[in-house]
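Read-outs: derived from the displayed coordinates by stated rules, not from any lab. Just so it is clear, the structure is predicted and the values come from calculations on it, not from any experiment. Neighbour counts run over all protein chains shown; Cβ positions are idealised from the backbone, glycine included.
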Amino acid sequence: MADQHCIDVPVLDLQARTVDPCEEKRRERGDFGFYEYTVNVYTVRIPFTGEAVVFGFRPNPFDLSPPRATLENNELLIVLEQKYPDATALSTEIHRTTSSIEKYLSWLREMVEPFNAQLAGVARDTIRSRKEKLGKDANVLTALGIPIRRRDAVPATVSVPIQRTPIPLPHKRAQGRPQQPDPTLSEAAYQQILKTMADMALVIERNPTAFEHLTEEQSRFQFLVPLNALYEGNATAETFSYAGKTDIQIRNQGMPIFTAECKFWTGEKSLLKAIDQLLSYTTWRDTKTAILLFNRQKDLSKIIAKLETTVARHPRFLRCDGVLNETQFRFVMSHPNDLSRHIVVTVLVFDIP
């Protein structure tokens with residue numbers, strides 16, 4: 001909490017500044033009516049690190065001529081005009097403005113440092129008070145003796161059963177008869193696992209502030225927790241399998257029965273690359289897979305609209321086996337080393353902070 005709420009005062013990178021010159025027309029009224037003239041406009045762009053919002057703060061010490069500039073992405077823009085070009089005057093004005101900005105930032109930095117230093121203590125006190133309140137609330141409900149109504153909107157993933165559900169696997173047949181050489185995942189168990197991961201993704205979608213800073217690796221572990229809690233199988237992260245490392249894998253008797261990849265959407269090429277990566281991890285008997293595709297950009301509907309056509313461009317694509325719902329798609333791909341061997345790839349798309 002302290003890291004999330006601390007203030008990061010910007011630092012200007014004056015060594016990386018650039019100037020963008022152009023000419024613009026101006027119109028003024030003179031003694032004999034309106035007339036036009038040309039001015040040189042110089043836009044000085046200064047990159048900076050830190051939080052842009054801080055430029056809008058006013059420190060306690062200030063003067064009567066605060067600096068003026070605009071912001072564009074991670075750059076500070078100082079716009080200056082000259083009717084008659086003068087390099088010395090331009091350089092002097094740029095130096096005066098940047099010095100004034102840095103002076104204001106130094107004043108802000110002196111105020112922000114003690115504020116940031118006390119955040120950790122404030123966070124601990126706030127969490128302690130919150131825990132005490134929740135404890136008192138729980139005691140009231142316990143003494144009341146009335147069952148608490150369950151919210152239907154909360155996915156079942158957050159509730160861990162007393163006895164975990166076993167993943168059904170075929171039993172070995174008696175000696176002398178043909179045997180199943182390796183365990184396989186039933187369609188019912190496959191759908192159950194997909195539902196568990198989809199429920200966990202909904203938890204992330206509905207709690208944006210709690211998950212906004214998750215990396216791919218941290219996102220993966222959010223799914224491993226309910227998988228291990230709900231099923232009697234071995235769900236692991238970064239398990240070595242065949243040609244590389246998988247994100248999530250469930251193994252039985254040392255053999256993979258389910259493999260999944262977690263990826264952030266960065267474009268169509270990234271999805272095709274994720275499919276390549278997933279297929280490279282699968283063994284010949286590993287036919288149940290999934291891709292959890294996280295979107296942190298806008299326009300999720302546009303991504304969903306082109307998902308089928310994107311996957312169809314993959315050289316191992318065979319067919320689309322149906323759209324399970326508006327954000328779940330089931331595809332059938334051929335195995336990289338055996339064209340007659342089919343692999344089910346379910347793509348689950350989620351909007352996360």
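Once both labels are positioned 7 Å from their Cα atoms along Cα-to-Cβ, the gap between Tyr35 and Ala229 label points is 7.9 nm. Modelled this way, with points 7 Å down the Cα-to-C-beta line, the labels at Asn116 and Asp13 are 1.8 nm from one another.
On the basis of the beta-carbon distance and an R0 of 35 Å, Leu202 and Glu51 show a calculated FRET efficiency of 0.70.
Taking 0.36 nm per residue of separation and subtracting the current Cα-Cα distance, fully stretching the chain between Arg96 and Lys133 would add 7.9 nm. Indicate the gyration tensor shape class of the range 2-117 (rounded, prolate or oblate), computed on the Cα atoms with a ≥ b ≥ c the square roots of the eigenvalues: a/c under 1.5 is rounded; otherwise a/b larger than b/c is prolate and the rest oblate. Prolate shape, in that a/c is at least 1.5 and a/b is the bigger ratio. Annotation: peptides 192-202, 22-32, 55-65, 6-16, ranked by per-residue average of other Cβ atoms within 10 Å with the highest first, follow the order 192-202, 6-16, 55-65, 22-32. Semi-axes of the equivalent ellipsoid for the range 37-87, computed as √(5λ) from the eigenvalues of its C-alpha gyration tensor and ordered from largest down, come to 26, 16, 8 Å. Loop-located trypsin sites (Lys or Arg not before Pro) in the range 244-353 (DSSP state other than H, G, I, E, B) with a sparse environment of at most 15 neighbouring Cβ atoms within 10 Å: Arg285, Arg296, Lys298, Lys306, Arg313. Sequence-distant contacts, meaning Cα pairs under 8 Å at least 6 residues apart, place the relative contact order of the range 2-117 at 30 percent.
In order along the range 267-281, the Karplus-derived 3J(HN,Hα) couplings, from 6.51 cos²θ - 1.76 cosθ + 1.60 at θ = phi - 60°, round to x, 5, 4, 5, 5, 5, 5, 5, 5, 4, 5, 5, 5, 5, 7 Hz, and Gly and Pro are given as x. Residues in the range 190-199 carry Karplus couplings, in order, of 4, 5, 5, 5, 4, 5, 4, 5, 5, 5 Hz; the curve used is 6.51 cos²θ - 1.76 cosθ + 1.60 with θ = phi - 60°, and Gly or Pro positions show x.
Subtracting the Cα-Cα distance of Lys273 and Asn325 from their residue separation scaled by 0.36 nm leaves 16.3 nm.
The alpha carbon centroids of the range 185-215 and the range 1-64 are separated by 45 Å.
In terms of its C-alpha gyration tensor, the range 249-341 has a prolate overall shape, because the principal axis ratio a/c (a ≥ b ≥ c, square roots of the eigenvalues) is not below 1.5 and a/b outweighs b/c. Loop-located GluC sites (Glu not before Pro) across the range 49-108 with a Cβ neighbour count of 15 or fewer within 10 Å are Glu51, with loop assigned by DSSP. Rounded to the nearest 0.05, the FRET efficiency derived from the C-beta distance between Asp338 and His213 at R0 = 51 Å is 0.80. For a straight C-alpha distance cut-off of 26 angstrom, the lysines reachable from Lys273 (same-chain residues fewer than eight places away being disregarded) are Lys195, Lys245, Lys263, Lys288, Lys298, Lys302, Lys306.
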